[in-house]
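S.K.: Okay, here's the structure, questions in a sec.
Values quoted throughout were computed directly from the atomic coordinates according to the rules given, and no laboratory measurement underlies them. All values reported here derive from a predicted model rather than from experimental measurement. Please note: Cβ atoms are built from the backbone with ideal geometry, for glycine as well, and neighbour counts cover all protein chains shown.
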Amino acid sequence: MKIVRTVDEMKRTVAVYRDQKKQIGFVPTMGFLHEGHLSLMKEANKENDIVAASIFINPLQFGPNEDYERYPRDETADARAAENAGVDVLFIPDPTEIYPAPMQIQLGIKGRADVLCGRSRPGHFEGVLTVLTKLFHITSPDKVYFGLKDAQQVAVVDALINDLNFPIELVGLPTVRESDGLAKSSRNVNLSEHERHEAIWLYKGLAFGQKLIHDGEQTPNEIVQNVTELLNQNLSAGKIDYIELLSYPSLEPVSSVNQRVILAGAVYFAKARLIDNLIFDQDGEVINRVN
């Protein structure tokens with residue numbers, strides 16, 4: 001596996017692959033890799049000639065009171081894990097390499113960003129759009145891979161690719177979970193033992209909402225209310241940020257579950273904010289891959 005640290009070198013590396021008519025799959029990450037990231041890399045390895053991945057903790061997507069400095073980092077372990085997962089080239093730029101000067105162009109988004117996590121994180125998705133636009137131009141991938149744990153991000157990337165005509169296929173892959181159902185996350189290390197025990201209720205609540213739909217409940221407010229009550233009954237250390245049911249990927253309110261929807265939630269703990277979701281059709285059947 002080749003490790004690249006500059007934009008110019010990454011562009012030269014990609015140009016060689018392009019000259020060889022190689023298909024490139026790209027997995028952008030912020031590092032501290034876990035099984036969720038590695039599952040994306042392994043799937044990209046199956047579907048492409050070359051797998052490129054990036055490790056870049058993007059300062060633009062962190063708010064003033066968020067955890068940029070505390071975000072976990074372990075480059076040595078990440079490089080070893082990425083290589084074992086089949087990555088051919090790992091792009092690890094310094095922030096000054098990606099942002100050598102203050103950005104003069106500001107990317108914005110009208111829809112899909114003012115709900116779910118975006119409501120309480122103003123500017124977050126603008127930062128995501130900015131860094132992904134740069135990374136897409138630098139790596140020139142044929143396919144790009146994201147985990148559906150952050151399904152709102154996948155929906156935003158879908159809009160970015162379609163609206164700006166990027167010649168890239170977006171692949172959203174299933175959330176990787178612990179044995180008890182908790183979604184794998186780099187932030188799970190910040191949970192106390194008691195919080196870790198409670199954290200599973202976020203997934204249990206969403207699964208309960210899915211069951212309601214599967215059993216015939218079609219009213220979004222009723223589903224959200226029942227999930228919220230279940231979580232409130234079982235959370236003492238955690239506090240609900242939101243529970244929402246929306247269309248997917250447009251992320252708009254629905255009056256009835258008669259289309260593809262997402263049931264998503266976020267819970268605050270002392271040193272971590274956990275998110276999770278389930279995407280399913282109108283019959284409550286879970287959708288695990290989005291193309």
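S.K.: With a 10 Å radius around each residue's Cβ, average the other Cβ atoms per peptide and rank 54-63, 262-271, highest first.
M.R.: Order by mean packing, descending: 262-271, 54-63.
S.K.: Rounded, prolate or oblate: which fits segment 169-267 when a ≥ b ≥ c are the square roots of the eigenvalues of the alpha-carbon gyration tensor, with rounded for a/c under 1.5 and prolate only if a/b beats b/c?
M.R.: oblate
S.K.: Still on this structure, I have one more. To the nearest 20 Debye, how big is the dipole of the chain about its Cα centre, given +1 on the beta carbon of each Lys and Arg and -1 on that of each Asp and Glu?
M.R.: Dipole of the chain, to the nearest 20 debye: 540 debye.
S.K.: While we're here: I need the shape label for segment 2-173. Rule: rounded when a/c is under 1.5, else prolate if a/b > b/c, else oblate, with a, b, c from the alpha carbon gyration tensor.
M.R.: rounded
S.K.: Still on this model: For the chain, what is the percent of antiparallel DSSP beta bridges, rounded to the nearest 5?
M.R.: 50
S.K.: Another question, then. What is the order of E193, E47, fewest Cβ neighbours within 10 Å to most?
M.R.: Least to most surrounded, the residues fall as E193, E47.
S.K.: By per-residue mean of other Cβ atoms within 10 Å, what is the highest-first order of 108-121, 199-212, 5-18?
M.R.: On the way: 108-121: 16.6, 199-212: 20.6, 5-18: 14.9.
Sorting 108-121, 199-212, 5-18 by mean packing, highest first, produces 199-212, 108-121, 5-18.
S.K.: Sticking with this structure for a sec: Rounded to the nearest 500 deg cm²/dmol, what is the calculated helix-only ellipticity per residue at 222 nm for the chain, with -39500 (n - 2.57) per DSSP H run of length n ≥ 4?
M.R.: Roughly -12000 deg cm²/dmol at 222 nm, from the helical runs in the chain.
S.K.: Rounded to whole Hz and in sequence order, give me ³J(HN,Hα) for segment 89-100 from the Karplus expression 6.51 cos²θ - 1.76 cosθ + 1.60, θ = phi - 60°, writing x for Gly and Pro.
M.R.: Computed from phi, the couplings for segment 89-100 are 9, 10, 9, 10, x, 6, x, 6, 6, 7, 10, x Hz.
S.K.: Here is a further query. Among D94, D158, which comes first, then next, by fewest other beta-carbon atoms within 10 Å?
M.R.: D94, D158
S.K.: Between helix 220-234 and the chain, what is the angle of the helix's C-alpha long axis to the longest principal axis, kept within 0 to 90° and rounded to the nearest 10?
M.R.: Once rounded, the angle reads 90 degrees.
S.K.: Further question: Within the set of other residues whose C-beta is less than 12 Å from the C-beta of I109, count the net charge using Lys and Arg as +1 and Asp and Glu as -1. Walk me through the numbers before you get to the answer.
M.R.: Working: positive: K110, R112; negative: D114, E126, D158, D163.
The answer is -2.
S.K.: Could you tell me which of Q20, M41, L132 has its Cα farthest along the dipole of segment 2-173 towards the positive end, charges placed at Cβ (Lys, Arg +1; Asp, Glu -1), taken about the Cα centre?
M.R.: Working it through, the farthest residue towards the positive pole turns out to be Q20.
S.K.: Any chance you could check the Cα centroid distance between segment 255-291 and segment 74-104 for me, in angstrom?
M.R.: Using only Cα atoms, the two centres lie 29 Å from each other.
S.K.: Sticking with this one: For segment 152-176 and segment 1-71, what is the centre-to-centre distance using only Cα atoms, to the nearest Å?
M.R.: Taking the Cα centre of segment 1-71 as reference, the centre of segment 152-176 is 15 Å away.
S.K.: With +1 assigned to the C-beta of every Lys and Arg and -1 to the C-beta of every Asp and Glu, and no other charges, what is the dipole magnitude of segment 186-280 about the Cα centre in debye, to the nearest 20?
M.R.: I would put it at about 320 debye.
S.K.: Under a cut-off of 30 Å between alpha-carbon atoms, report the lysines in cross-link reach of K143, not counting same-chain residues fewer than 8 places apart.
M.R.: K2, K11, K21, K22, K42, K46, K110, K134, K184
S.K.: Out of M1, S247, L278, whose Cα points farthest toward the positive end of the dipole of the chain (charges: +1 Lys, Arg; -1 Asp, Glu; placed on Cβ)?
M.R.: Toward the positive end, the furthest listed residue is M1.
S.K.: Still on this structure, I have one more. Please list the non-local residues whose amide H lies under 5 Å from the amide H of F91, H modeled 1.01 Å from N, same-chain partners needing a gap of 5 or more.
M.R.: V4, A53, S54, I55
S.K.: If we sort 132-141, 65-74 on the protection proxy, mean other Cβ atoms within 10 Å, highest first, what's the order?
M.R.: The densest-packed peptide leads the list: 132-141, 65-74.
S.K.: Using only the Cα atoms of the chain, build the gyration tensor, take square roots of its eigenvalues as a ≥ b ≥ c, and label the shape rounded, prolate or oblate: rounded if a/c is under 1.5, else prolate if a/b is larger than b/c, else oblate.
M.R.: Prolate is the answer for the chain, as a/c is 1.5 or above and a/b outweighs b/c.
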